[in-house]
Amino acid sequence: MGAVNRDPLEIWTSSVVSRAGFSGSESFAREFGLKPYRLRQLYRAACKELIETVDGVTTLPKELRAKLAEHGVTFSSVEPSVVQRSRDGQTTKGLFRLTDGKEVEAVLMEHTGDRTTVCISSQAGCAFACAFCSTGQAGFSRNLTAVEIFDQARYFARDLAARGKRITNVVFMGMGEPFHNYDAVMEAVALLNDPSGFGLGHRHITISTVGLVDKIDRFAEERLQVNLAISLHAPSDAVRSSIMPVNRKFALGELMDACERYVQKTKRKVFFEYVMLAGVNDSPDAARELATSMRGHLYHVNLIPYNTTPDAPFAGTSDTKIWEFAGILNEAGVPVTVRRNMGRDIAAACGQLRAQTQPKVRVSVR
Ligand code: SAH
């Protein structure tokens, strides 16, 4: 049994009606004299046809549209307040205001070819305080709801549709720790995936975690085809604990055991993120140590060039050294990719996002 007990239509509708001040879909439907199929029409219009406002739903009678709009029925729970595009036009960053005034950021990456990836936030702030990540440095603000998470993707889907394109991939790699907001994230996945709604295949979704062992086990039980990425960033407990406080709760051995259980249970590959920090985790010895724990498993390593963040005491490893590090893994038979950074000029790359109007909360994205 998966974590999601409500169906996507119900998840979405209850958010719409509560934003309009109703306690549930029944009282909402009663107030407007709506038959159940009208709710499905609204859901389909917003999530599948990507219509922006109630007024645009031409399958509804004009008077009904006007009445719904008058009562504050809106499709989106997030309001873009600043949208920036990188000089090369490939990366777009949106700062989104939530209904309580909190803000999060999300990023659209348009790769060459038809691939487009949207990186979304699952929390305002983050409780895990990784030393190299600007989000973690300022602490946790609140969990997002499933619909607030989903609506970041829906915003970019509309933006792309206007240019004849669509989202091909969604990654939970924005602000926050997805497994620290587990239920809402699973519901957001259900909304993204719903064939009668947004319709994005599970295989095109990736969840990245700081390494919460109990949640990795729980996620394995979901039996979803969703990809799992682990922010590893160090080959030993000593180094990992020095940059990622979570390692003091879930040590590397426990984390790797959980990853192996996940592979056994799901037969799915695990991706490991490894940010390259000069003099911290980037030595040839570190590469060999990492290779030892990666070799022979269904694992893939992504090396991420470090992106500068305000006040952080780190420097990025040089490109030459990153490739040498990758070479050692490669020779040991470990599949490895060096990530390309996108959107550095608009501070939209990993670890660079932050909602500037909310200086205590910083955002990390890749
Ligand atoms: N909390 C989740 C989701 C964030 S994903 C997680 O930890 O996986 C964002 C990715 O970017 C993580 O792998 C994170 O460790 C990495 N990252 C954070 N700060 C970075 C920086 N300054 N440069 C490059 N990557 C960074």
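Miscellaneous remarks
- The single condition from (1) without any contact (Cβ under 8 Å) to a residue 40 or more places away in the chain; (2) open to solvent by 40 Å² or more (accessible area, probe 1.4 Å) that Ser196 fails is (1).
- Just one of the listed residues (Arg288, Arg340) is within 16 Å of the ligand (Cβ to nearest atom) and either touching a Lys or Arg at 6+ places or on another chain (Cβ under 9 Å) or in the same structural domain as Met109 (by TED's automatic domain parsing) (or both), namely Arg340.
- Just one of the listed residues (Ala326, Ala312) is surrounded by 14 or more Cβ atoms within 10 Å (Cβ to Cβ) and farther than 20 Å from Thr135 by Cβ, and it is Ala326.
- Enumeration of residues in segment 285-340 that are among the polar types (S, T, N, Q), part of a helix (DSSP H, G or I) and out of contact with any helix residue (DSSP H, G or I) (no Cβ under 7 Å at 6 or more places or on another chain): Thr292, Thr320, Asn330
- The numbered conditions (1) out of contact with any Asp or Glu (no Cβ under 8 Å at 6 or more places or on another chain); (2) assigned to a strand (DSSP E or B); (3) small (Gly, Ala, Ser); (4) within 12 Å of the ligand (Cβ to nearest atom) are all true for Ser141 except (4).
- Only one of Ser241, Ser231, Ser293 that is open to solvent by 30 Å² or more (accessible area, probe 1.4 Å) and not aliphatic (A, V, I, L, M): Ser293
- The set of residues from segment 215-228 being surrounded by fewer than 20 Cβ atoms within 10 Å (Cβ to Cβ) and assigned to a loop (DSSP other than H, G, I, E, B) comprises Arg223, Gln225.
- When the residues of segment 268-287 are filtered to those that are of a type in the set (Asp, Glu) and either buried (at least 17 other Cβ atoms within 10 Å of the Cβ) or in contact (Cβ under 8 Å) with a residue 60 or more places away in the chain (or both), the one that is nearest to Ala326 (Cα to Cα) is Asp282.
- Qualifying residues in segment 168-186 (those that are surrounded by 24 or more Cβ atoms within 10 Å (Cβ to Cβ) and assigned to a helix (DSSP H, G or I)) - the one nearest to the ligand (Cβ to nearest atom): Pro178
- Whichever residue in segment 144-165 is in a loop (DSSP other than H, G, I, E, B) and basic (Lys, Arg) and, among such residues, is most open to solvent (accessible area, probe 1.4 Å): Arg163
- Selected residue (criterion: most open to solvent (accessible area, probe 1.4 Å)) from residues of segment 112-126 that are within 16 Å of the chain's Cα centre (by Cα) and not hydroxyl-bearing (Ser, Thr, Tyr): Cys126
- Any hit, segment 252-267, residues being surrounded by 17 or more Cβ atoms within 10 Å (Cβ to Cβ) and not in a helix (DSSP H, G or I): no
- Complete set of residues in segment 54-88 that are within 25 Å of the chain's Cα centre (by Cα) and open to solvent by 30 Å² or more (accessible area, probe 1.4 Å): Thr74, Ser76, Glu79, Pro80, Ser81, Val82, Val83, Gln84, Arg85, Arg87, Asp88
- Flag set for Thr320, criterion: more than 11 Å from the ligand (Cβ to nearest atom), modelled with pLDDT of 95 or more, assigned by TED's automatic domain parsing to the domain that holds Tyr274 and over 21 Å from Val270 (Cα atoms).
- Breaking point among (1) open to solvent by less than 10 Å² (accessible area, probe 1.4 Å); (2) part of a strand (DSSP E or B); (3) over 30 Å from Ala20 (Cα atoms), for Met109: (1)
The values are calculated or read from the model by the stated rules, or taken from the named source; none is laboratory data. If you're wondering where the values come from, they're calculated on a predicted model, not measured in any experiment. When we count neighbours, we look across all protein chains shown, and the Cβ atoms used for this are built from the backbone with ideal geometry, even at glycine. Just the protein is used for accessible areas: all its heavy atoms, side chains included, with ligands, DNA and RNA removed. Shrake-Rupley method; radii C 1.70, N 1.55, O 1.52, S 1.80 Å.
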